[in-house]
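A.B. asks: Attaching a single structure in structure tokens format; questions to follow.
The values are calculated or read from the model by the stated rules, or taken from the named source; none is laboratory data. Note that this is a predicted model, so its numbers are computed, not measured. No Cβ is skipped: glycine too gets one built from the backbone with ideal geometry, and neighbour counts run over all protein chains shown. What goes into the accessible areas is simple: the full protein's heavy atoms, side chains included, and nothing from ligands, DNA or RNA. Shrake-Rupley method; radii C 1.70, N 1.55, O 1.52, S 1.80 Å.
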Amino acid sequence: MTIKPTLASLALLSGILFSASGYAQDTVTLRLHHFAAPATPVQTEYLEPWAKRLEEQSEGAIKVEIFPAMQLGGSAPSLYDQAKDGVVDIAWTLLSYTPNRFPESEAFDQPFLPTTGEATSMAAHEFATTHMQAAFEGVYPIAVFAHTPGKLHTRDVSIESVDDLDGLALRAPSKTMNRYLGLLGAQAVGMPMPQIPEAISRGVIDGLTLPFESAAALGVLDIAQNHTFFEGEQGLYTAMMVLGLNQASYDALSPELKQVIDDNAGLEEAQRIGQVMDQAEEKAIEAIEASGEGEMFYIAQDSLAPWQAAAETATAQWIDDMGKRGFDGQLLYDEATRLVEKYTEQTM
């Protein structure tokens, strides 16, 4: 792949001139690369409006070109390094795509931790800016966030109790959820999102774990038509994600253009993305209910005991693993839980 010249070299070669307002007259184009389908709500309802805001607030000096579905090459796990190394300017990716690289973020992978996408995203952003600054060296985190709690979607069987998981091959999004589903008797299969449609259509997996909005954007809900929900405030799982800008690209901007980026980064952006996901989740569920083509199953709160017992075991094992790696896993988990509770109370 040809590596794009840095913004600093482009500025030097083109001799950027500045207007009276302080914005560059020539356009700085930032390439944004991500793994999801172009129809995913995060692109259509957040990334595209976000790019438009940057362009308007910079008086046309900043443009963002969005490349979904790995159109610029590489695999989903390579996205973070593409942004860090300057192959692209901005990447949206899941931190769990690179296991062991962001160990602190795994606190948010624990089962039955998340509430809404909005509250959990705000918690994830504050957590990351407090506990993970060193991990993001080389990347400017525009927003750290988490998706609306994922559900179980299966093809030929329905999951109405924990016993129904026995022997099923289920796609899991992280090593923590791999462990958790294994404790429940399932055969957990790790794979990035782009591989899911082929895997479920060919019967490689019996089902998958995803929020409805992501599953709908991938086009897998016409195959996996059995959907399992969990009653209560906490959902089954989430995953921490980042929208990250190459630090050198940011550093090469003028002070005025840096301010435009800064004004469109941070906790409020994480909240916006979470809101987009929550709204898209509701729409996807309503569409399935209206079509009559999907079956919805609910695990009642009085039936959650075996699910939660396995969750406690998985989290305890993660805390123990973190201790062996030199991290205070209990502190990180308690902090993640506290922040989710904090922002859930603020946004309810």
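A.B. asks: If one computes the Cα centroid of region 101-122 and of region 198-275, what distance in Å separates the two points?
C.D. replies: One Cα centre to the other: 12 Å.
A.B. asks: Let me ask you something else. Explain nothing, just compute: Karplus ³J(HN,Hα) = 6.51 cos²θ - 1.76 cosθ + 1.60, θ = phi - 60°, for every residue of region 94-109 in order, whole Hz, x for Gly and Pro.
C.D. replies: 8, 5, 6, 5, 10, x, 6, 7, 10, x, 4, 5, 5, 4, 7, 7
A.B. asks: What is the projected area of the convex hull of the Cα atoms of region 40-173, averaged over all directions, in nm²?
C.D. replies: Value for region 40-173: 10.4 nm².
A.B. asks: Separate question: Solvent-accessible area per residue for region 78-177 at a 1.4 Å probe radius, Å²?
C.D. replies: Result: 28 Å² per residue.
A.B. asks: Then there's this: Under the 0.36 nm per residue contour assumption, what length would be gained going from the current alpha-carbon distance of Ala39 and Ser75 to full extension? Don't skip to the answer; put the middle values down first.
C.D. replies: Working: separation 36, 0.36 × 36 = 12.96 nm, distance 1.91 nm.
So the chain would gain 11.0 nm between Ala39 and Ser75.
A.B. asks: Which lysines, on any chain, are close to Lys175 with Cα under 22 Å apart, when same-chain ones fewer than 8 places away are left out?
C.D. replies: Lys151, Lys324
A.B. asks: Given H placed 1.01 Å from N in the peptide plane, which residues other than close sequence neighbours of Gly235 have an amide H under 5 Å from its amide H?
C.D. replies: Long-range HN contacts for Gly235: Thr115.
A.B. asks: While we're on this one: What is the percent carbon and sulfur in the accessible area of region 227-338, measuring with a 1.4 Å probe over the protein chains and ignoring ligands?
C.D. replies: Roughly 46 percent of what the probe reaches on region 227-338 is carbon or sulfur.
A.B. asks: Choose one answer from Leu79, Leu208, Leu218: the residue with the largest mean-square fluctuation in a GNM of the chain with alpha-carbon springs under 10 Å.
C.D. replies: The residue that fluctuates most here is Leu218.
A.B. asks: Could I ask something else about it? Principal axis extents for the chain, Cα atoms only, whole Å, descending order, please.
C.D. replies: Principal extents (largest minus smallest coordinate, Cα): 67, 46, 40 Å.
A.B. asks: Could you identify which residue out of Val42, Val276, Val204 has the top mean-square fluctuation in a GNM of the chain using Cα springs shorter than 10 Å?
C.D. replies: Val204
A.B. asks: What is the sum of charges, Lys and Arg at +1 and Asp and Glu at -1, for the other residues whose Cβ falls under 13 Å from the Cβ of Ala51? Before the final figure, lay out each step's value.
C.D. replies: Numbers: positive: Arg31, Lys52, Arg53, Lys63; negative: Glu45, Glu48, Glu55, Glu56, Glu65, Asp89, Glu269.
Local net charge: -3.
A.B. asks: Let me ask something else about it. Can you give the calculated 222 nm mean residue ellipticity of the chain, where each DSSP H run of n ≥ 4 adds -39,500 (n - 2.57) and the sum is split over every residue, rounded to the nearest 500 deg cm²/dmol?
C.D. replies: -12500 deg cm²/dmol
A.B. asks: Let's test this: bin the Cα-Cα distances of region 271-348 at 5 Å from zero up to the farthest pair and state each bin's percent.
C.D. replies: Using 5 Å bins, I get a P(r) of 3, 11, 11, 13, 17, 19, 14, 7, 3, 1, 0 for region 271-348.
A.B. asks: Now a separate question. In a Debye calculation with equal point scatterers on the alpha-carbon sites of region 186-233 and no solvent, what is log10 I(q)/I(0) at q = 0.17, 0.20, 0.28 Å⁻¹?
C.D. replies: Summing over Cα pairs of region 186-233 leads to -0.49, -0.67, -1.21.
A.B. asks: Long-range amide H contacts for Lys151: which residues qualify at under 5 Å (H placed 1.01 Å from N, peptide plane, sequence gap of 5 or more or a different chain)?
C.D. replies: Here the answer is Leu210, Phe212, since their amide H atoms fall under 5 Å of that of Lys151.
A.B. asks: Tell me which of Ile142, Leu208, Thr120 sits at the most positive position along the dipole axis of the chain, charges placed on C-beta atoms (Lys, Arg +1; Asp, Glu -1).
C.D. replies: Working it through, the farthest residue towards the positive pole turns out to be Ile142.
A.B. asks: Counting each pair of different Cα atoms once, what's the Kirkwood radius of region 92-158 in Å, rounded to one decimal? Present the calculation step by step, with values, prior to reporting the outcome.
C.D. replies: Numbers: mean 1/r = 0.0757 Å⁻¹.
13.2 Å is the Kirkwood radius here.
A.B. asks: With N set to the residue count of region 25-75, report its C-alpha Rg divided by 2.2 N^0.38 Å to two decimal places.
C.D. replies: Taking the Cα Rg and dividing by 2.2 N^0.38 Å, one obtains 1.20.
A.B. asks: Right, here's the next one. Any idea what diffusion coefficient region 195-309 gets from Stokes-Einstein, in µm²/s, Kirkwood Rh on alpha carbon pairs, 25 °C, 0.890 mPa s?
C.D. replies: Reported coefficient: 141 µm²/s.
A.B. asks: Right, another one. Quick one: divide the alpha-carbon radius of gyration of region 54-96 by 2.2 N^0.38 Å and tell me what you get.
C.D. replies: Output field value: 1.33.
A.B. asks: Pick out, from Ala310, Gly326, Gln247, the residue whose Cα sits farthest towards the positive end of the charge dipole of region 236-348, with +1 on the Cβ of Lys and Arg and -1 on the Cβ of Asp and Glu.
C.D. replies: Result: Gly326, furthest along the dipole toward the positive end.
A.B. asks: Convex hull over the alpha-carbon atoms of region 147-196: what's its volume per residue in Å³? Walk me through the numbers before you get to the answer.
C.D. replies: Working: hull volume 4.4 nm³, N = 50.
With only Cα atoms used, region 147-196 gives 87 Å³ per residue.
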